[in-house]
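The values are calculated or read from the model by the stated rules, or taken from the named source; none is laboratory data. Since we're looking at a predicted model, the values are computed, not measured. Note that each Cβ is placed from the backbone with ideal geometry, even for glycine, and that neighbours are counted across all protein chains shown. For the accessible areas, the whole protein counts, side chains as well, though only heavy atoms, and no ligand, DNA or RNA atoms are used. Shrake-Rupley method; radii C 1.70, N 1.55, O 1.52, S 1.80 Å.
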Amino acid sequence: MLDLATKVHDEARQGEAYAPFAQDPNQYKKRFYIESYGCQMNFSDSEIVASILNEQGFGATRNFEEADLVLLNTCSIREKAEQTVRKRLTEFRKQKEARPGMLIGVLGCMAERLKAKLLEEEKLVDMVVGPDAYRTLPGLIEEAETGQKAVNVLLSREETYADISPVRLNSNGITAFVSIMRGCNNMCSFCVVPFTRGRERSRDAVSIVEECTDLYRKGYKEVTLLGQNVDSYYYVADNEAPVNFAQLLEKVALIAPDLRVRFSTSHPKDITDDVLFTMAKYENICKYIHLPVQSGNTRVLQLMNRTYTREWYMAKVDRIREILPDCGISSDIIAGFCTETEEEHQDTLSIMEYSKYDMSYMFFYSERPGTLAARRYADDIPEATKKRRLTEIVNVQNRLSLASNKKDIGKTFKVLIEGNSKRSDNDWMGRNSQNKVIVFPKNEQPLQAGNYVSVHVHDCTQATLIGTIVTA
Ligand code: SAH
Ligand code: SF4
Ligand code: F3S
């Protein structure tokens, strides 16, 4: 959840090191340090890992120089993401030379993709643990402590970590992410996720509602339900009626009217009218859909195995606008996929104009070993062309983001305050239902993070709305 309207992802989200705030430093015998890369799912998994490690007597630290265990939760989505992790590993090497007892573990998608090969390539790594193997961390740590290399990259068809209560890391105490499913059964030809995360499985609906209720009790005001393809959520408990995504959304929305609900990511082929009507029915389900298009050209979409056409996608956007007239829509876009022509690239630019995205994550194509595209198609668009096309896409998005924000000038929004604005402690920062960031001066009212306020927008930049509190 980046607060920039436009962000070129030529590398995965940078690693973030973090530790829970309220922790008694003497409670734990040993310290772990964890850094996360990639998508929100990975950040969410790190909170599961933290919970498992706490049980084992490991407390978190923000300083890797005092850690007994250093973990990198990694991403493989693009080559650059893996390069970033490798660079970070060489930085840890020095530390390990000074303190040979310190253990280094690679978790997540890169661990899964490279498996034991990673231990040959990166000699200082002690543990390689895939995304479905975190429950076995205690045993793996013991093994590594005896000087052996420890590996578990088994993928599971059942694991959802449903019963593990995540330890919220680096949390603002107001917004939290809740994993509702794992893996992905789609086979988008460019994508490594089905290989690194395994088969799709949905988490027990009761455990999801319990986790969200617990967050609300602790003062959280917003939950984001996470999955690679949330619309295919489907859970059947013994002797009970199945729960689909629309029904799950409703259950979470009913926890409390002042608990906001968001979700990510929707696949255009799977988002149903049912979901849209449920969004319309509940004020606290945020009017914002991340609907990655990837390309605006039907032939390219076919090569990508996205299973929808340009026209089908446009009809989906129309349907959203019809049922939810004030809904924000954002996208993911890939420039320069295999064999993409200039005309086909133009189709991507025009579908962006048609969809009027408020925001997009934009990438140039990066071939990933083992994917369908890597096996079937030549990565034949020169890098300079990919970059030029990406720049054109970014320019269109910048213009669309600014236009979208300008349209909001003069409107008043209900905003959930998340904290101080980055630039000034005299300003609050929050979001409206459409997920737009709004910055506004604190007034005399005794407000705090977690409060809802009405904010009148009088100005904007491409990335931010600027407003003032409307006093009742
Ligand atoms: N499950 C989500 C997205 C997962 S990955 C979905 O289906 O939309 C996030 C984004 O990374 C993708 O939407 C895609 O735009 C981008 N991406 C994935 N593989 C890529 C690759 N090989 N090269 C460039 N971008 C890629
Ligand atoms: Fe990757 Fe496609 Fe699955 Fe998204 S839906 S994770 S892009 S395979
Ligand atoms: Fe990266 Fe794995 Fe997420 S490849 S984007 S961390 S699912």
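Things to note:
- Odd one out for residue 331, checked against (1) under 26 Å from the mean Cα position of the chain (by Cα); (2) in a helix (DSSP H, G or I); (3) buried (at least 17 other Cβ atoms within 10 Å of the Cβ): (2)
- Condition met for residue 445 (part of a loop (DSSP other than H, G, I, E, B) and modelled with pLDDT of 95 or more): no
- Which numbered condition residue 450 misses (of (1) in contact (Cβ under 8 Å) with a residue 60 or more places away in the chain; (2) in contact with a helix residue (DSSP H, G or I) (Cβ under 7 Å, 6 or more places away or on another chain); (3) of a type outside the set (A, V, I, L, M, F, W, C)): (2)
- Which listed residue is more than 21 Å from residue 145 (Cβ to Cβ), of a type outside the set (D, E, K, R) and more than 16 Å from ligand 1 (Cβ to nearest atom), from 51, 36, 46: 46
Table: residues versus (1) over 16 Å from residue 38 (Cβ atoms); (2) within 16 Å of ligand 1 (Cβ to nearest atom).
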position: 181; (1), (2): yes, yes
position: 185; (1), (2): yes, yes
position: 192; (1), (2): no, yes
position: 196; (1), (2): no, yes
position: 200; (1), (2): yes, yes
position: 206; (1), (2): yes, no
position: 229; (1), (2): yes, yes
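- Residue check for residue 193: touching a Cys at 6+ places or on another chain (Cβ under 7 Å), under 24 Å from residue 332 (Cβ atoms) and within 16 Å of ligand 2 (Cβ to nearest atom): yes
- Checklist (1) part of a helix (DSSP H, G or I); (2) touching a residue at least 40 places away in the same chain (Cβ under 8 Å); (3) not β-branched (Val, Ile, Thr) applied to residue 186, failing item: (1)
- Residues in the range 35-62 that are touching a Phe, Trp or Tyr at 6+ places or on another chain (Cβ under 7 Å) and of a type in the set (S, T, N, Q) were compared, and the one that is farthest from ligand 2 (Cβ to nearest atom) is 61.
- Residues within the range 73-114 that are of a type outside the set (A, V, I, L, M, F, W, C) and open to solvent by less than 10 Å² (accessible area, probe 1.4 Å), tallied: 6
- Residue 72 falls short on exactly one of the conditions (1) in contact with a Leu (Cβ under 9 Å, 6 or more places away or on another chain); (2) at pLDDT 95 or above; (3) more than 17 Å from residue 35 (Cα to Cα), and that condition is (3).
- Across the range 122-151, the qualifying residues are those that are open to solvent by less than 80 Å² (accessible area, probe 1.4 Å) and at pLDDT below 95, and the one among them that is farthest from the chain's Cα centre (by Cα) is 147.
- For the criterion of being over 23 Å from the mean Cα position of the chain (by Cα), of a type in the set (Asp, Glu), on the phi < 0 side of the Ramachandran plot and not assigned by TED's automatic domain parsing to the domain that holds residue 344, residue 444 passes.
- Residue match in the range 379-398 (condition: in contact (Cβ under 8 Å) with a residue 24 or more places away in the chain and either farther than 30 Å from residue 295 by Cβ or small (Gly, Ala, Ser) (or both)): no
- Which listed residue is away from ligand 3 (no atom under 16 Å from the Cβ), open to solvent by less than 10 Å² (accessible area, probe 1.4 Å), farther than 17 Å from residue 435 by Cβ and not polar (S, T, N, Q), from 317, 300, 261: 300
- Index of the failed condition, residue 210 passing every other in (1) of a type outside the set (Val, Ile, Thr); (2) more than 16 Å from ligand 2 (Cβ to nearest atom); (3) surrounded by fewer than 17 Cβ atoms within 10 Å (Cβ to Cβ); (4) outside any helix (DSSP H, G or I): (4)
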